[in-house]
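Reviewing the structure listed below.
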Amino acid sequence: MNPAIQGLLTIAIGVGGCLSYFYFSNQFLDKVLFPAKGPNAGKNINRANIVRPWLFLFPALLALGLYLAYPVVETIRLSLTERETLPDGSTVYNFVWFANYAQMASEPKFWEAMRNNMLWLIVVPAMSTAFGLLAAQLTDRIRWGNVAKSLIFMPMAISFVGAAVIWRLVYDARPPGTEQIGLLNAIYVWISGNDPQQWLTVPFWNSFLLMIVLIWIQTGFAMVILSAALRGIPEETIEAAIVDGANPFQIFFKIKMPQIAGTIVVVWTTITLVVLKVFDIVFAMTNGQWETQVLANYMFDKLFRANDWGVGSASAIVIMLLVTPILVWNVRNARNEMR
């Protein structure tokens, strides 16, 4: 069957199934379970109105349970077990409790991944937010600001793997004496006259070269959100500051920044969540070699290369534990703002 027809059929079946579910479940609720007739009609109507919201929530709760809650529970279970293949080819899972976590903590690669993730957490959210704020402020002051914003936001439309391929070409190195197609080496050889460098194999600094890719992508996101926040600042406060003799730097840092501090924090924490789960860029550019390992890539190596589901699941739990406090804080902050 043609893929386009399959897609249309999937949409039709999905939409039709949802509509049918809502229609027949409400009919069952109103006509069978709590009929609005007889001496208990009033009570039945109230009972039906109490149950009805849960009918609408049930598909979403089922999907969340199936695709979020169940994987978390199963991952926790796998992190506490060790998979053993029996002579007859069957597989059993033996509970080893926290042995997988102890093994993970004893591996230098895990601590390398933790160290690199912490470095990414310090650099990427700060630089992405700073560049996004700078771009938002500057593009609001020029005539072709919308064009500039479109160009800065464009990397957001590129997948992480696509961006990694682009920047891998930027860092590419050809043998000495040949034409350098990598932009960085072309500039380096032209200025210094030295041989080209394999930039992605230089320990410590190669991590920063990988971070540049994510900063390049996330700056557009930060710019869009912060630009909207800047435009929401009342003009009266800025005009009053100008009348009082404030210069542009004072207006920006003492008038605008305090008023958009909440938005800056939201942008910062959102990018932090992305950084904690970063995988594609490292996998496509270095595959965790040359001391560039991160937690998500370490998890992938354990699960699908070493076939060690226990330690791989344990590393997944570590990532979840690192992400959860930031996620909870974001949700609470959003609720407080709504109130």
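The values are calculated or read from the model by the stated rules, or taken from the named source; none is laboratory data. Worth saying up front: this structure is predicted, and the values here are computed from it rather than measured. For neighbour counting, all protein chains shown are included, and Cβ atoms are generated from backbone atoms with ideal geometry for every residue, glycine included. Only protein heavy atoms, including side chains, enter the accessible area calculation; ligands, DNA and RNA are left aside. Shrake-Rupley method; radii C 1.70, N 1.55, O 1.52, S 1.80 Å.
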- Message: Taking the Cα centroid of segment 61-75 and of segment 266-312, what is the distance between the two, rounded to the nearest whole Å?
- Response: 22 Å
- Determine which residues of segment 219-246 fall in the zone a paramagnetic label at Met154 would reach in this model, i.e. backbone nitrogen under 18 Å from the point 7 Å along Cα→Cβ. 219-224
- Can you tell me the FRET efficiency between Ile212 and Asn146 if r is taken as the Cβ-Cβ distance and R0 is 25 Å, rounded to the nearest 0.05? 0.45
- Query: Roughly speaking, what is the stretch gain from Ala261 to Ile11, that is 0.36 nm per residue apart minus the C-alpha to C-alpha distance, in nm to one decimal?
  - Reply: 85.8 nm
- Within the accessible area of segment 188-327, what % is carbon and sulfur when the probe is 1.4 Å and the other protein chains stay in place? 67 percent
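Report the calculated FRET efficiency for Ile76 and Val331 (r = Cβ-Cβ distance, R0 = 22 Å), to the nearest 0.05.
Numbers: r = 21 Å, r/R0 = 0.97.
Efficiency, from the Cβ-Cβ distance: 0.55.
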- What length, rounded to one decimal in nm, is gained on full extension from Glu107 through to Lys43, with 0.36 nm per residue of separation minus their alpha-carbon distance? 16.7 nm
- Message: Within segment 146-176, name every residue whose backbone N is under 19 Å away from a label modeled 7 Å from Cα of Ser192 along the Cβ vector.
- Response: 168-176
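To two decimal places, what compactness ratio does segment 58-151 give when its Cα radius of gyration is scaled by 2.2 N^0.38 Å? Could the numbers behind the result be given before it?
On the way: Rg = 23.6 Å, N = 94, 2.2 N^0.38 = 12.4 Å.
The value comes to 1.91.
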- Count the lysine pairs in the chain that are 8 or more places apart or on different chains: how many have C-alpha atoms under 22 angstrom apart? 5
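Of all alpha-carbon pairs in the chain, indicate the percentage at a distance above 24 angstrom.
Numbers: 41254 of 57291 pairs.
Value for the chain (Cα pairs over 24 Å): 72 percent.
So for the chain, averaging the separation of alpha carbon pairs under 8 Å that are six or more residues apart and normalising by length, what relative contact order in percent results? Mind dumping the intermediate values first?
Working: 354 pairs, mean separation 73.2, N = 339.
Computed over the chain, the figure is 22 percent.
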- Task: Quote the accessible area belonging to Lys37 in square angstrom, nearest 10, computed with a 1.4 Å probe and with ligands, DNA and RNA left uncounted.
- Result: 150 Å²
- Query: With labels modelled as points extended 7 Å from the Cα through the Cβ direction, what inter-label distance (nm, one decimal) is found for Leu64 paired with Ala228?
  - Reply: 2.3 nm
